[in-house]
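Notes follow once the structure below has been shown.
The values are calculated or read from the model by the stated rules, or taken from the named source; none is laboratory data. No experiment lies behind these values; they were computed from the predicted model shown. Please note: Cβ atoms are built from the backbone with ideal geometry, for glycine as well, and neighbour counts cover all protein chains shown.
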Amino acid sequence: MTEILVQSSLAVSRSKQLASEAAQIVQRCAADHKTKRVIECAGCYAKVVDVVRARYLKPAPGDSRDWFTSRRGFLQELDAMLADTKQYQVDPHDIDRRIQDERSRWYAENVRYSLLRLMVDDPSGREAVFEKLEDPPSDAASLAKEIAEILSKSLPPQPDMADVPDRLAAAKTPAARLEVLKDAFFTLDNVVPADHQKYLDMLGRDQLTLEQVVDRVLEEKQAAAGAREQTERLKRRLDELRRARAAHELQKTRKAKSRASFAEEQSVPDELYKLPPCAVCSDEPSPKNFLCCPICAILTRRDIRAQQPSVYCSPECEEKGHTSHAKAHTCASGSDCIQQLHPQDADVEMQGTDDGTTSSKPPAPKICFCTECLTSLKLPTTWCSLACADKNFQRHREDVHIPARKRLGITVTDRDRLSYDAVDTSLQAETKYHAIDIGAHITTYEAAVRAWEGQNAVKLQS
């Protein structure tokens with residue numbers, strides 16, 4: 001049972017390490033992002049999930065003795081659960097309960113099988129263990145209590161070995177590990193008896209494991225007692241029970257997946273945002289089904305807009321409130337907006353006609369954001385189109401960018417991205433210019449939406 005002791009000790013140690021790493025992420029998130037719960041921050045929440053994934057699904061090369069490494073069915077199920085919890089589909093507490101349940105099963109299977117082998121001379125004890133195989137306890141504490149009761153009746157008094165698991169886990173070399181096993185299992189009154197020396201030599205000289213040495217001892221006793229056939233029968237029965245349980249769990253998982261249905265577009269989970277009232281009727285929107293102004297959402301996520309996005313409880317309210325709310329997001333060009341002065345110069349989407357030609361329909365707004373305002377200056381600059389941004393870029397740069405840079409102490413060198421059109425000969429200075437590539441200075445509406453969805457791990461419904 002020494003491997004069980006080592007693996008149990010390692011599990012406790014690495015669980016503490018996992019909890020410590022997760023706690024550090026939560027503390028940094030609270031300090032840096034001012035969140036009360038890590039689930040409110042999509043980035044940090046994903047980091048916590050990744051720490052758990054690394055512990056169980058990407059163990060370090062030295063972690064081959066972990067209890068779960070050979071339980072592939074459990075690891076596949078855990079992989080799917082971690083992917084779902086990252087998308088707010090599975091409660092993290094369900095993952096913790098699933099891990100604890102699997103670990104209890106592993107502990108029950110291994111410890112009870114070891115006890116079954118050790119108790120070949122006690123038919124009543126064997127039957128007591130066999131009966132409990134049908135319904136193992138769900139927690140390790142109950143199991144430990146049962147084991148203690150069986151051992152107290154079936155085995156002679158044992159020395160105190162409370163520190164053996166920790167000593168085995170701390171042993172770094174085979175020699176150090178052998179010394180721990182010698183003190184724990186082969187020494188009586190600081191001396192190794194003659195009848196114990198043969199088995200100690202198997203550990204050191206023959207390099208057998210303690211389990212293999214125990215098997216040798218049992219084989220000798222079984223040969224004398226004629227109990228080998230009975231033990232093999234019980235072993236086969238134990239294997240049958242394990243296979244039956246695995247098949248039952250697999251069937252349960254398949255049934256659960258067949259009953260589950262997922263929405264095509266994921267709504268914001270209840271925990272993520274406390275929604276404001278509907279901007280039209282003031283009713284409380286459903287966290288699972290609501291509409292919001294995407295521009296408001298993007299600006300709020302960028303810390304540009306202090307208040308929460310404008311939210312609508314239904315498509316009808318969104319339609320009623322759209323026209324009035326749209327005035328809050330006017331083109332940054334103001335009275336020089338190209339759609340007001342020269343509508344024919346605005347961006348036009350070409351639509352196919354029935355006869356195969358193309359015709360221009362009234363253009364849908366191709367809103368774009370000023371990238372510098374959106375990222376570093378934190379200003380709500382939007383343009384109605386790429387053409388409007390290009391036409392009014394010089395005025396925007398001089399009236400907004402340059403003063404804001406000075407106010408914030410930001411140094412930006414962007415002259416190499418400008419093309420000068422005119423020179424004032426009296427001042428010997430360049431006076432009129434435009435952006436060489438206006439696309440390098442703007443963020444399209446579509447790109448901003450994709451960035452928002454990536455940061456929040458949900459679909460932006462608008």
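Residues in region 362-375 that are in contact with a Leu (Cβ under 8 Å, 6 or more places away or on another chain) and farther than 15 Å from A440 by Cα: 1 in all. If the condition is being part of a helix (DSSP H, G or I), more than 21 Å from F290 (Cα to Cα) and either among the polar types (S, T, N, Q) or at pLDDT below 85 (or both), then region 321-337 contributes K327, S335. Residues in region 158-178 that are closer than 20 Å to D189 by Cα and at pLDDT below 70 were compared, and the one that is surrounded by the most Cβ atoms within 10 Å (Cβ to Cβ) is V164. Summed over region 290-317, the residues that are surrounded by 17 or more Cβ atoms within 10 Å (Cβ to Cβ) and more than 18 Å from W452 (Cβ to Cβ) give a count of 3.
Annotation: of all residues in region 179-214 being modelled with pLDDT of 80 or more and of a type in the set (S, T, Y), the one that is surrounded by the most Cβ atoms within 10 Å (Cβ to Cβ) is Y199.
Here E372 passes the criteria (1) over 21 Å from R302 (Cα atoms); (2) touching a residue at least 24 places away in the same chain (Cβ under 8 Å) except the one numbered (1). The single condition from (1) modelled with pLDDT under 85; (2) over 25 Å from L78 (Cα atoms); (3) touching a Leu at 6+ places or on another chain (Cβ under 9 Å) that Y273 fails is (3). Taken as a whole, region 174-193 holds no residue that is under 30 Å from E77 (Cβ atoms) and outside the structural domain of R105 (by TED's automatic domain parsing).
Yes or no, residue by residue, for (1) in the same structural domain as R245 (by TED's automatic domain parsing); (2) outside any loop (DSSP other than H, G, I, E, B); (3) surrounded by 14 or more Cβ atoms within 10 Å (Cβ to Cβ):
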{"position": "T35", "(1), (2), (3)": "yes, no, yes"}
{"position": "V48", "(1), (2), (3)": "yes, yes, yes"}
{"position": "V51", "(1), (2), (3)": "yes, yes, yes"}
{"position": "Q76", "(1), (2), (3)": "yes, yes, no"}
{"position": "D79", "(1), (2), (3)": "yes, yes, no"}
{"position": "L82", "(1), (2), (3)": "yes, yes, yes"}
{"position": "E102", "(1), (2), (3)": "yes, yes, yes"}
{"position": "R105", "(1), (2), (3)": "yes, yes, yes"}
